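**Q** This is the structure I want to talk about, given as structure tokens.
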Amino acid sequence: MIGIFDSGLGGLTAVKQIHRLMPGEDLIYFGDTGRVPYGTRSRQTIIQYAKQDVAFLNSMGVDAILVACGTVSTTALSILQKESKIPVIGVVEPACRAAAAHTQSGSVAVIGTVATIRSGAFPNMLKNMCPSLQVYEQACPLFVPLVENGVIDRDDPIARLAVERYLMRFKGSGVDTMILGCTHYPLLAEVIADILPGIRLINTGYEAAKALCEGRVAEGTGTTRYFVSDDPEMFIASASRFLGEDVKGQVEYVDIGAYYE
């Protein structure tokens with residue numbers, strides 16, 4: 001059974017991919033909707049939240065954890081891995097591998113939360129893989145609140161203005177590949193593609209899910225349970241729209257503050 005966590009809805013990009021690759025795998029998803037976003041928090045707070053998220057998933061009996069959160073993957077992953085008795089996988093390395101493989105121009109952009117960009121994790125990994133790459137970064141702090149509030153349609157003027165504000169600098173820049181360094185960001189992929197046509201978008205949740213499933217044999221019944229730290233009804237509406245299936249009756253509230261690693 002795989003455990004997956006994110007600060008909110010974004011990690012559902014990984015859930016969707018695991019459903020496709022391993023339909024027989026049992027999943028536990030935790031969305032920390034009561035404390036979203038993580039990307040504007042201090043490093044110490046992010047580590048604290050991440051440890052609580054992992055403690056909850058461990059209490060559910062998972063045998064592997066996917067950190068479907070760019071902020072945690074760039075800020076706390078090494079700490080989680082060191083302290084964990086089961087595999088803990090983040091989104092940085094799989095996404096960087098995909099970007100390095102796809103770029104033709106040698107220019108890659110990374111967009112993410114403030115904490116993710118501050119960490120420098122994506123450019124460091126990319127440079128280790130391919131020292132000749134030109135890597136550009138851009139923090140997009142408005143993207144997570146937009147996604148969490150369902151402002152994601154390609155014809156929504158607010159979504160388009162936010163994308164233009166942060167990403168117009170890459171238009172005509174020679175960048176041909178962009179890592180969506182937060183798992184929320186793929187929900188804005190259509191808007192981004194309209195503003196930056198022709199740029200390959202790397203979905204971190206998708207790539208991490210592929211890496212996790214590689215060589216793994218599903219042994220469950222294909223059951224997915226969802227847990228959130230705020231009102232389940234708010235999560236149900238958005239999650240059902242994104243996953244393309246009704247998750248009503250599958251979402252439970254959990255007091256995440258009661259868990260400590």
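What follows draws every value from the coordinates through simple rules; no lab data is involved. Everything numeric in this text was worked out from a predicted model, so none of it was measured. Neighbour counts are summed over all protein chains in view; Cβ atoms, including those assigned to glycine, are modelled from backbone coordinates with ideal geometry.
**Q** Lysine pairs in the chain with alpha-carbon atoms under 20 Å apart, 8 or more places apart or on different chains: how many are there?
**A** 4
**Q** How big is the charge dipole of the chain about its Cα centre, in debye rounded to the nearest 20, if each Lys and Arg gets +1 on its Cβ and each Asp and Glu gets -1 on its Cβ? All intermediate terms of the calculation are to be shown ahead of the outcome.
**A** Numbers: 22 positive and 28 negative charges, 184 e Å.
So the magnitude is around 880 debye.
**Q** Apply the Kirkwood formula to segment 47-99: the hydrodynamic radius equals the inverse of the mean of 1/r over all pairs of different alpha-carbon atoms; give it in Å with one decimal.
**A** 11.3
**Q** Compute the Rg to Rh ratio over segment 145-200 from the alpha carbon atoms, using the Kirkwood formula for Rh, and round to two decimal places. Walk me through the intermediate numbers first.
**A** Details: Rg = 10.7 Å, Rh = 11.4 Å.
Computed over Cα atoms, the ratio is 0.94.
**Q** Over the chain, what lengths in whole Å, largest first, do the semi-axes of the equivalent ellipsoid take, defined as the square roots of 5 times the eigenvalues of the alpha-carbon gyration tensor?
**A** Three semi-axes, in Å: 28, 20, 18.
**Q** In addition: Run the numbers on segment 131-260 and let me know its relative contact order in percent, using alpha-carbon pairs under 8 Å that are six or more apart.
**A** 19
**Q** Kirkwood hydrodynamic radius, computed over distinct alpha-carbon pairs, for segment 109-229: how many Å, to one decimal?
**A** In segment 109-229 this quantity evaluates to 15.8 Å.
**Q** Sketch the reach of a paramagnetic label on Asp194 as a point 7 Å from Cα along Cα-to-Cβ, and name the residues of segment 145-185 whose backbone nitrogen lies under 12 Å away.
**A** It comes to 152-164, nothing else.
**Q** Sum up the charges of everything whose Cβ sits under 11 Å from the Cβ of Glu164, counting Lys and Arg as +1 and Asp and Glu as -1, but leave Glu164 out.
**A** +3
**Q** I'd like the Kirkwood hydrodynamic radius of segment 131-174, using the inverse of the mean 1/r over distinct C-alpha pairs, in Å.
**A** It works out to 11.9 Å.
**Q** Okay, next question. Once you wrap a convex hull around the alpha carbon atoms of segment 1-109, what is its projected area averaged over all directions, in nm²?
**A** The Cα convex hull of segment 1-109, projected and averaged over all directions, gives 7.6 nm².
**Q** Something else: In whole percent, what relative contact order does the chain give with Cα contacts below 8 Å and a gap of six or more residues?
**A** The value is 29 percent.
**Q** Semi-axes of segment 167-241's equivalent ellipsoid from the Cα gyration tensor, sqrt of 5 times each eigenvalue, largest first, rounded to whole Å?
**A** 30, 20, 9
**Q** For segment 34-126, calculate the relative contact order in percent as a whole number, restricting contacts to Cα pairs under 8 Å that are 6 or more residues apart.
**A** Dividing the mean separation by the residue count of segment 34-126 yields 33 percent.
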